[in-house]
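K.L.:
Dumping the structure here so I can ask a few things about it.
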Amino acid sequence: MNDISKPPVTYLIFLICVLLLTACASQNPSSPVLNYEKADKDYLALKQTIVNRVADSTTFDRIWLTYSLSSFYNPTDDLEPSTKLLTETYISEGNYAACIEAAQRLLEVNYTSLTGHFAMAECSRLMGDARQSDFHTWVLDNLIEAIWRTGDGRAPGTAFLINSTHDLYAFIQLHQLVAVGQDLVYEQGMPVQKILVQTPENMRSSTWYFNATPQFRRSFLDKAELKN
């Protein structure tokens, strides 16, 4: 399947409006388009709530949404895929301590990382640290549930809200599915990734939809901030 390379006019108008509004909110032409101070503060407070093990479903819903508005958010960073490869290698070598260190570095940058929490849970389990493994399994399960609360993924209008392509594929893999095809469609002007997923055991296929707005927004804001 081929990506749709030309977005509809409604989406371009939407992006222009967003950029104009955020630019107007900035008094200093050399400052970022967005003021990240509040988003960063909220994100770190939500993270600490989870670390303190007093988070509820609302906490996970909020951190999933807040992370993509913070200065920590960088969906094109190669830290996520490189950490995935590293942790898989360390697990195969039995070097669980190095696996944990790599996962911790990722979670320092992105505490919503599905890959990071999965690696922490698995390597802690293999090291015999049940408490740490259980904690990161709990965080991972709650992040997955938070994604499910953003939509059911069955149609463009009820797409899962996803923060990065890395999380998209991690989400699919954590459901024991394999992505076998993709396309980019638009729902009311918003970019949506259409992913054909397959169950390896019986080769049964279905289509899941993911709202890719955070990634597109970040790309446009990066370009705008470079001009300031």
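The values are calculated or read from the model by the stated rules, or taken from the named source; none is laboratory data. Owing to the predicted nature of the structure, the values given are computational and were not obtained by experimental measurement. Every residue, glycine among them, receives a Cβ derived from its backbone with ideal geometry; neighbour counts consider all protein chains shown. Surface areas here come from the heavy atoms of the whole protein model, side chains and all, with no ligands, DNA or RNA. Shrake-Rupley method; radii C 1.70, N 1.55, O 1.52, S 1.80 Å.
K.L.:
Which number in (1) under 12 Å from the mean Cα position of the chain (by Cα); (2) touching a residue at least 12 places away in the same chain (Cβ under 8 Å) marks the one condition that SER205 misses?
P.N.:
(1) is the only condition that SER205 fails.
K.L.:
List the number of the failed condition for LEU69; all other conditions in (1) surrounded by 13 or more Cβ atoms within 10 Å (Cβ to Cβ); (2) assigned to a helix (DSSP H, G or I); (3) modelled with pLDDT under 95; (4) not small (Gly, Ala, Ser) hold.
P.N.:
The single condition LEU69 does not satisfy is (2).
K.L.:
Scan the range 107-124 for residues that are surrounded by fewer than 24 Cβ atoms within 10 Å (Cβ to Cβ) and in a helix (DSSP H, G or I) and report the count. Outline the logic, then answer.
P.N.:
Of all residues in the range 107-124, those surrounded by fewer than 24 Cβ atoms within 10 Å (Cβ to Cβ) come to 107-109, 111, 118, 121-122, 124.
With in a helix (DSSP H, G or I) added as a condition, the list becomes 107-109, 118, 121-122, 124.
Going through the range 107-124 one residue at a time, the tally reaches 7.
K.L.:
Another one. Restricting attention to the range 72-106, and to residues there that are aromatic (Phe, Trp, Tyr) and under 25 Å from ARG149 (Cα atoms), which single residue is surrounded by the most Cβ atoms within 10 Å (Cβ to Cβ)?
P.N.:
Among residues in the range 72-106 that are aromatic (Phe, Trp, Tyr) and under 25 Å from ARG149 (Cα atoms), the one surrounded by the most Cβ atoms within 10 Å (Cβ to Cβ) is TYR73.
K.L.:
On to the next question. Within the range 37-58, work out how many residues are in contact (Cβ under 8 Å) with a residue 24 or more places away in the chain and either open to solvent by less than 30 Å² (accessible area, probe 1.4 Å) or charged (D, E, K, R) (or both).
P.N.:
Total meeting the criteria: 8.
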